[in-house]
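Q: Dumping the structure here so I can ask a few things about it.
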Amino acid sequence: MLVHVLKSKIHRAAVTAANVAYEGSMSIDLDLMEKVGLLPYERILCSNMANAARFETYAIPGKRGSGEFVLNGAAAHLGKPGDRLTIMSFTELEVEEARKWAPQVIVLGDNNAVINERGI
């Protein structure tokens, strides 16, 4: 039997911009994507700590080292610069593997700098 478990999480990411005119998705600093094992175009679930909005989209690589988290397309209506997000991706594992599983998690602080990491 397969179960869905948390694969990657970026906690307290500050939105840096919102672009309604873009096709869709969320641009994320590629260094931070790689740190938690997020792949380009991978499906993500986001929750906005400022307004409780929850939405799904996909991650696209942003400029390395920029700290950017840009809401694009329709998602741009669900947050504004400065809002803090939790960004999650999930995977499916067999139950026995899931019992030993540890997701890759980073917590961000000022300027979207990593202040804590687990499972990395």
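The values are calculated or read from the model by the stated rules, or taken from the named source; none is laboratory data. Here the structure is a predicted model, which is why all the values come from computation and not from measurement. Virtual Cβ from ideal backbone geometry, glycine too; neighbours counted across all protein chains shown.
Q: Would you mind finding the one in Val70, Val105 that is touching a Lys or Arg at 6+ places or on another chain (Cβ under 7 Å), assigned to a strand (DSSP E or B) and surrounded by 18 or more Cβ atoms within 10 Å (Cβ to Cβ)?
A: Val105
Q: Please go through region 81-97 and pick out each residue that is within 17 Å of Leu108 (Cβ to Cβ) and not in a strand (DSSP E or B).
A: Of everything in region 81-97, those that are within 17 Å of Leu108 (Cβ to Cβ) and not in a strand (DSSP E or B) turn out to be Pro81, Gly82, Asp83.
Q: Oh, and also: Looking at region 21-49 only, could you name the residues that are assigned to a loop (DSSP other than H, G, I, E, B) and out of contact with any strand residue (DSSP E or B) (no Cβ under 8 Å at 6 or more places or on another chain)?
A: Ala21
Q: Identify, from the list Thr57, Thr86, the residue that is touching a Ser or Thr at 6+ places or on another chain (Cβ under 8 Å), among the polar types (S, T, N, Q) and farther than 11 Å from Met26 by Cβ.
A: Thr86
Q: Just one of the numbered conditions (1) of a type in the set (A, V, I, L, M, F, W, C); (2) within 30 Å of Leu2 (Cβ to Cβ); (3) in contact (Cβ under 8 Å) with a residue 24 or more places away in the chain is not true of Phe69; which one?
A: (2)
Q: Then there is this: Given the condition farther than 17 Å from Lys35 by Cα and free of Cβ contacts under 8 Å to residues at least 60 places away in the same chain, answer yes or no: does some residue in region 82-95 qualify?
A: no
Q: State yes or no: is Arg64 part of a loop (DSSP other than H, G, I, E, B) and either surrounded by fewer than 16 Cβ atoms within 10 Å (Cβ to Cβ) or of a type in the set (D, E, K, R) (or both)?
A: Yes.
Q: Against the definition (at pLDDT 95 or above, of a type in the set (Val, Ile, Thr) and either in contact with a helix residue (DSSP H, G or I) (Cβ under 8 Å, 6 or more places away or on another chain) or exposed (fewer than 12 other Cβ atoms within 10 Å of the Cβ) (or both)), how does Val95 come out, yes or no? Break it down stepwise before answering.
A: Working: at pLDDT 95 or above: yes; of a type in the set (Val, Ile, Thr): yes; either in contact with a helix residue (DSSP H, G or I) (Cβ under 8 Å, 6 or more places away or on another chain) or exposed (fewer than 12 other Cβ atoms within 10 Å of the Cβ) (or both): yes.
When the stated conditions are applied, Val95 passes them.
Q: Would you call Ala59 within 20 Å of Ile115 (Cβ to Cβ), within 11 Å of the chain's Cα centre (by Cα), touching a residue at least 24 places away in the same chain (Cβ under 8 Å) and surrounded by 16 or more Cβ atoms within 10 Å (Cβ to Cβ)?
A: No; evaluated as a whole, the condition is false for this residue.
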